[in-house]
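No value in this document is a laboratory result; all are computed from the given coordinates. Because the structure is predicted, anything quoted here is derived from the model rather than measured. Positions of Cβ are generated from backbone atoms using ideal geometry, with glycine treated the same way; all protein chains shown enter the neighbour counts.
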Amino acid sequence: MCLAIPARVDALLDGDRALIDLDGVQKEISLALLDGVGVGDYVVVHVGYALGRLDPEEAAHTLELLRGVSAVAGPTP
Amino acid sequence: MKYIDEFRDGKTASRLARRIREAVQPGQRYHLMEFCGGHTHAIYRYGVQDLLPDEVRMIHGPGCPVCVLPIGRLDMALALAARPDVILCSYGDMLRVPGSGGKSLLKARGQGSDIRMVYSAADALELARQQPDREVVFFAIGFETTTPPTAVAIRTAFAEGLANFSVLCNHVLTPAAVVNILDSPEAREVGNVPIDGFLGPAHVSIVIGTEAYERFAQGYHKPVVISGFEPLDVMQSILMLVEQINDGRAEVENQYIRAVTRRGNVKAQQIVAEVFETRSEFEWRGLGVVPDSALQIREKFAAFDAERRFPLLYVSVADNRACACGSILRGVAEPTDCKLFARTCTPESPMGSCMVSSEGACAAYYQYGRFRNLATLAKA
Amino acid sequence: MSAPARRSFGHPIDLKRGVVELAHGSGGRAMAQLIEELFSPALSNAWLDQGNDQACIDLPSGRVAVSTDSFVVSPLFFPGGDIGSLAVHGTVNDVAMSGARPLHLTAGFIIEAGFPLCDLKRIVESMARAAGAAAVTIVTGDTKVVERGQADGLFINTTGLGIIPANVTLSGDRARPGDRILVSGTLGDHGVAVMSLRGGLAFHTSIQSDSAPLHDLVRVMVEAVPGLRCLRDPTRGGLATTLNEIARQSGVGMCIRETELPIAAEVAAACELLGLDPLYVANEGKLVAICAAEDAARLLGVMRAHPLGRRAALIGEVEDDAHHFVRMQTAFGGNRVVDWLSGEQLPRIC
């Protein structure tokens, strides 16, 4: 539930697997829990499986909020 | 590391700390439960509490699957590992947890049990393929983040007709635990264990979505902010909770918008629902028996259920009487309130899981925060 | 001295496809043949060639530093080294941490029956190269073979000795409040390189073990700062363990700054992926140095000028603390305790 890391998908492999990359460290993981993942996508990886996609726009938005004057994100849309 | 380092920036932290200090209203109480052990770990590892005003008190919740696993379930894993035909595969986190008689999986391995550490359920599956003449049992623990990988492994084993793979399932459910805390006798007593808001686990929520928390916010009138695990995420979430409390709101807010959505990962939810069903009740260390709080493997996949494949009996084992893990897990006590903490109970000789799991409240406090409260230790 | 007459053993040992057998450790003809056909070609020197059970050495006068270590690393071959080169570097470094110039090593092998001779040859040759590069001689050795299953392939013990220069006193109990703490380079490389090959954790990385002999770096450091308090190499248990050891020995506390710790990006990434803390991950070619405050700048300059100290950094100070805590100011702006390692660091899922 806790140790999940955002990593970049470097290559798609056979059998619903992918090669992810984190600063030059590469690991094979399973994409069995996600559809439509492409090379260059960022996924959140936990115990060898991609759990979800990381949205770069939302990440940028969060960083803006963090660095800006107001840090209130508001209720879930 | 992209999407990691930016959320650890110290300069932004000081600015956020100032915002939190400004937002906190004098005379208002902000007791916030960080449900997940990963948040406890992050708070201590980065020293987040040093940046918070005194009015904000973080209470450590039961979201540590290693901590809440009852001794009796670990004993079942040890019993399986003791069988000469079995290879028991386990995540690293479980290896040092003491079972009955202080025996851990690591100690059992030293005494001859074939126990292998794996990073993933998929590794256990691969081992089963490579060793067709041995029984490979995967010791599955974890909340909803870790459950879908186990489900995939079982489904794959089923599809391949693997005859020597099974799972000892100890997966537990986050919402049930939260409700249990909110409904505990202490919580119902006004003025005792006041929890004013919850920091919810982002990675669990990637799977279950934020909608799973809406009934707490409404039903118990408690604000919930789904928080990422980087320290800036935690601080932003604390600020959001403080502002909700100030406004008298009780909503589910999503701080981890970069990966969490309202519905969550539907595909993962479907795979989990296909393989698992809810147990009517399950014992949680520290919380007691909690209804509808854990998962068991469905009839269709019974061949892969270690509890049906092997003659196993669950025997409830009480904690060391002086061990305060239960109270700590329910947010009623701090590690320093426990008589055993840092004396007979240390990471080298843990009396309970809160100490031996690196994300347990006691281990995190011992590793990272002990030097802060020396006056307390000296007194006791 | 003249070389002893070569004996004829009939068939030469099959170094490509053969395996170590119990007879190779029993002191008889098989062992003599193993020594002559595998060990000697790689390790030949005046003492070993004499063929005695001991080496008789004339030592320069002065205090002798002696150190022993056993090497049980698994896997035996890893990026940047192997158990052989590690066995040389590890003991050379332990001797060097006293300020001594390492001179001679012993090497004891405990080999599991069935161990491939080609691997043994590769390891022994690696030891020879490492010893040559470090200008130390392996003067005597021993070989034992145990039954299959009683050793994990191969264990090596090396003992080393060297002479300590007269004006040098380095010891873990000499750290004083106000002293500065330095490290000679990036942390965690060795541990991550070895872990990358462990079954169940397989990840691909270009990280190499940093296994290297540090005696020459020590030499320039001691020449520049004779009043150096202490040197230690942070091997098992990592930097955190070493700092805690010294803090306890000296009866002091320490404060380090996370922003100053040199950690390679890939090592940091691998640790994130596995849930490891780089502070506790082993190093085999790095040292921790404690010096007086006024010597720190000069010491750092001298370290950075050396090939093995390019990424040297000043990471913190020694302070007065009755509890002997090592604390760290996090990059984030908070504080945390860097405690002793409890048991082996295990990869986390949580």
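DSSP assigns beta bridges within region C:1-148; of those with both partners inside it, close to 25 percent run antiparallel. Among beta bridges identified by DSSP and lying wholly in the protein assembly as shown, the antiparallel ones come to about 60 percent. Entry note, region A:5-67: relative contact order of 28 percent, from Cα contacts under 8 Å with a spacing of 6+ residues.
Comparing Cα centroids, region C:295-346 and region A:4-29 end up 33 angstrom apart. Fewest-first ordering of B:337, A:23, C:53, A:55 by other beta carbons within 10 Å of each residue's beta carbon gives C:53, B:337, A:55, A:23. Here r is the Cβ-Cβ distance between residue B:133 and residue A:10 and R0 is 56 Å; the resulting FRET efficiency, rounded to 0.05, is 0.95. Just want the answer: with Cβ charges of +1 for Lys and Arg and -1 for Asp and Glu, which residue in C:274, C:318, C:332 is farthest toward the dipole's positive end in region C:198-349? With unit charges placed on the Cβ atoms, the residue in question is C:274. Per-residue shielding of C:75-85, expressed as the average number of other chain Cβ atoms within 10 Å of the residue Cβ, stands at 0. When the charge dipole of region C:180-337 is built from unit charges on Cβ atoms (+1 for Lys and Arg, -1 for Asp and Glu) and taken about the Cα centre, the candidate among C:213, C:265, C:303 whose Cα reaches farthest toward its positive end is C:213. Among B:1, B:58, sorting on how many other beta-carbon atoms sit within 10 Å of each Cβ, with the fewest leading, yields B:1, B:58. Partner shielding of B:227-236 amounts to 3, given as the average count of beta-carbon atoms from other chains within 10 Å of each residue beta-carbon. Each residue, residue C:208 and residue C:304, gets one label point 7 Å from its Cα in the Cβ direction; the gap between the two is 2.4 nm. Just flag the chymotrypsin sites (Phe, Trp or Tyr not before Pro) in region B:261-315 sitting in loop per DSSP whose Cβ has no more than 15 other Cβ atoms within 10 Å. Here the sparse-neighbourhood loop sites are B:314. In plain terms, the chain from residue B:57 to residue B:163 could stretch by 33.0 nm, reckoned as 0.36 nm per residue minus the Cα-Cα distance. Rounded to the nearest 0.05, what FRET efficiency is calculated for residue C:166 and residue C:146 with R0 set to 45 Å and r the Cβ-Cβ distance? Calculated value: 0.55. The residues B:316, C:171, when put in order of fewest to most other Cβ atoms within 10 Å, stand as B:316, C:171. Computed over chain B, relative contact order equals 21 percent, with contacts defined as Cα pairs under 8 Å that lie 6+ residues apart.
Its Cα centre serving as origin, the protein assembly as shown has a Cβ charge dipole (Lys and Arg +1, Asp and Glu -1) of approximately 960 debye. Label point of residue B:2 set 7 angstrom out along Cα-Cβ; within region A:7-24, amide nitrogens under 14 Å from it belong to A:7-11, A:20-24.
Across peptide B:258-271, the mean count of Cβ atoms from other chains lying within 10 Å of each residue's own Cβ comes to 5.
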